[in-house]
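Each remark here refers to the structure printed beneath this line.
The values are calculated or read from the model by the stated rules, or taken from the named source; none is laboratory data. Values in this document were obtained by computation on a predicted structure and should not be read as measured data. Positions of Cβ are generated from backbone atoms using ideal geometry, with glycine treated the same way; all protein chains shown enter the neighbour counts. Areas reflect the complete protein model, heavy atoms only, side chains present, ligands, DNA and RNA absent. Shrake-Rupley method; radii C 1.70, N 1.55, O 1.52, S 1.80 Å.
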Amino acid sequence: MILDRFRMTDRVAIVTGAGRGIGAGIARALAEAGADVVCAARTPGQIEETAAAVRAAGRRALTVPCDVTERTQLEDLVKATLDTFERIDVVVNNAGGYPPLPALRTSERAFEEAFRFNVTTAFLLSRFTIPYLQEAPDGGTILNISSAAGRIVRSGFVAYGTAKAALSFMTRQLAAEFAPAVRVNAIAVGAVSTSALQPFLDDELEAKMAAMTPMRRIGTVEDIAAAAIWLCSPAGAWVTGKVVEVDGGTESTNWPFD
């Protein structure tokens, strides 16, 4: 049956930024699809909540407190995964983000911090795990969480948008280099209702964003998690080097701020 291709039974997945929002949603979805999940993020309490949801779905979970901007902590994340599960099948580079800043108020340090948080960290974890992903029985998978900000011009996103554009290109580059053993894809996420976005919104602003989005609503964590399961599971076995836009059809900015 076609639905069997979406099953990920006994695969082992690392998810960064798994404590909340999109990362937590993807971790839960992977567990529901049958995967064991390594939940990594900076806040222990948050990843413990995600791990509890993974276990409630009947799968094993490992929590690894991890600041992805610290190389040694990424190395420790990989080691902890191998020590516990002895394999790695899926890596979801979800951790990232950066607040909007006008270009002339974006310092050199801020620009470089945005690049490191969103691109360098994903490169390093990919580099550390690819040797193990190449050994995955059914092929390894990397999924990078990029953003519509990497292709849509909007004021205030010179650091974040440039970083996400680089992440999208890196996705295609790594996919070409490591096919067919490892598939590498990305999701270019549109505006999604998470704790990162909600502080900027009230009901009026959310309604404006929805009106500026062809699907007339902002996204949910589940919208992104469903796409992640497709790309990480055997259902996406012939997909690599692609940046899939999951953004409600957005082709121009729906950011309702000047």
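If you filter region 216-258 down to residues that are hydrophobic (A, V, I, L, M, F, W, C) and closer than 30 Å to residue 103 by Cβ, you find that the one that is most open to solvent (accessible area, probe 1.4 Å) is 257.
Table: residues versus (1) modelled with pLDDT under 95; (2) part of a loop (DSSP other than H, G, I, E, B); (3) surrounded by fewer than 20 Cβ atoms within 10 Å (Cβ to Cβ); (4) β-branched (Val, Ile, Thr).
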residue: 5; (1), (2), (3), (4): no, no, yes, no
residue: 14; (1), (2), (3), (4): no, no, no, yes
residue: 29; (1), (2), (3), (4): no, no, no, no
residue: 34; (1), (2), (3), (4): no, yes, yes, no
residue: 40; (1), (2), (3), (4): no, no, no, no
residue: 46; (1), (2), (3), (4): no, no, no, no
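Conditions tested, residue by residue: (1) among the charged types (D, E, K, R); (2) at pLDDT 95 or above.
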| site | (1), (2) |
| --- | --- |
| 157 | no, no |
| 180 | no, yes |
| 185 | no, yes |
| 188 | no, yes |
| 197 | no, no |
| 208 | yes, no |
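Residue-wise test of (1) of a type in the set (Phe, Trp, Tyr); (2) closer than 22 Å to residue 42 by Cβ; (3) in contact with a strand residue (DSSP E or B) (Cβ under 6 Å, 6 or more places away or on another chain).
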{"residue": "93", "(1), (2), (3)": "no, yes, yes"}
{"residue": "98", "(1), (2), (3)": "yes, yes, no"}
{"residue": "132", "(1), (2), (3)": "yes, no, no"}
{"residue": "143", "(1), (2), (3)": "no, yes, yes"}
{"residue": "162", "(1), (2), (3)": "no, no, no"}
{"residue": "166", "(1), (2), (3)": "no, no, no"}
{"residue": "174", "(1), (2), (3)": "no, no, yes"}
{"residue": "183", "(1), (2), (3)": "no, no, yes"}
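One line per residue, one yes/no per condition, for (1) over 17 Å from residue 19 (Cβ atoms); (2) of a type outside the set (Val, Ile, Thr):
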position: 54; (1), (2): no, no
position: 63; (1), (2): no, no
position: 75; (1), (2): yes, yes
position: 96; (1), (2): no, yes
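Of the residues 24, 56, the single one that is buried (at least 23 other Cβ atoms within 10 Å of the Cβ) and over 20 Å from residue 184 (Cα atoms) is 24.
Reported count of residues in region 138-172, each being in contact (Cβ under 8 Å) with a residue 12 or more places away in the chain and assigned to a helix (DSSP H, G or I), is 17. Residues in region 93-137 that are assigned to a loop (DSSP other than H, G, I, E, B), touching a helix residue (DSSP H, G or I) at 6+ places or on another chain (Cβ under 6 Å) and open to solvent by 50 Å² or more (accessible area, probe 1.4 Å): 98 only.
Select, from 45, 34, the only residue that is on the phi > 0 side of the Ramachandran plot and without any contact (Cβ under 8 Å) to a residue 40 or more places away in the chain. Being on the phi > 0 side of the Ramachandran plot and without any contact (Cβ under 8 Å) to a residue 40 or more places away in the chain holds for just one of 45, 34, which is 34.
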